1. Suppose we filter THR93, THR129 for residues that are open to solvent by less than 50 Å² (accessible area, probe 1.4 Å) and farther than 30 Å from ASP15 by Cβ; which single one remains?
2. Within the stretch 68-77, does at least one residue satisfy the condition of being of a type in the set (A, V, I, L, M), open to solvent by 70 Å² or more (accessible area, probe 1.4 Å) and at pLDDT below 95?
3. How many of the residues making up the stretch 145-165 are crowded, with 19+ Cβ neighbours inside 10 Å and over 12 Å from ASN79 (Cα atoms)?
4. Enumerate the strands (runs of 3 or more DSSP E) found wholly within the stretch 116-167, keeping only those where 3 or more residues are over 20 Å from ALA98 (Cβ atoms), at pLDDT 95 or above and not aliphatic (A, V, I, L, M).
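The values are calculated or read from the model by the stated rules, or taken from the named source; none is laboratory data. Treat the numbers as computed from the prediction; the structure is a model and nothing was measured. All Cβ positions, glycine included, derive from the backbone under ideal geometry; neighbour counts span all protein chains shown. Calculation scope for accessible area: heavy atoms of the full protein, side chains included, ligands and nucleic acids excluded. Shrake-Rupley method; radii C 1.70, N 1.55, O 1.52, S 1.80 Å.
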Amino acid sequence: ASGTAPITYQWQKRDPGGAFANIAGATASAYTTPATTLGMNGTQYRVILDNAAAGTVTSNAATLTVNANPPVISAQPANQTVNEGQTAQFSVTASGSATLTYQWQKMDPGGAFANIAGATASGYTTPATTAAMNGTQYRVVLDNPATGTVTSNAATLTVTATAVGPT
């Protein structure tokens, strides 16, 4: 802005009711929002400039667009080795915008991955393992309806036979 000094600034944002309200402490020539969230998408901002001698002028409103973050896996599921009869735990560390969902899958005998019913958290614990489960692979599919899907690497379950002693 230009004009006769001193010029004061007051940033405002439009509230859900449609009125503009002052942003506390936002009195510089520029305004930086706090960390954005999807809930801030579409919020409008403007600034009021004031010179006590010459008057007030209000800027046009600017609209903030917040894009959703796609799912990102930062820690893949790891291979697990357990004794027969124990459970195995697989987990993934991921980030992304809200509404991120998880679906664990295991490889069927035909080599295709199939969803595990009810396995929709960041971790999955198998039922008690059997020798038949040795070599089974597990993975998780992360989905955000706004940004897409990502699939983890497959982790392999190794089941070691329980030693049988003399009777």
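1. Numbers: THR93 fails: open to solvent by less than 50 Å² (accessible area, probe 1.4 Å).
Just one listed residue meets the conditions, THR129.
2. Start the filter on the stretch 68-77 by keeping residues that are of a type in the set (A, V, I, L, M), which leaves 68, 72-73, 75.
Remaining after also requiring open to solvent by 70 Å² or more (accessible area, probe 1.4 Å): 72.
The next check asks that each one be at pLDDT below 95; those that pass are 72.
There is at least one residue in the stretch 68-77 that is of a type in the set (A, V, I, L, M), open to solvent by 70 Å² or more (accessible area, probe 1.4 Å) and at pLDDT below 95.
3. First, the residues of the stretch 145-165 that are crowded, with 19+ Cβ neighbours inside 10 Å: 152, 155, 157, 159.
Next, only the ones that are over 12 Å from ASN79 (Cα atoms) stay: 152.
Selection size over the stretch 145-165: 1.
4. On the way: elements: 123-125, 137-144, 148-151, 155-160.
By residue number, 137-144, 155-160.
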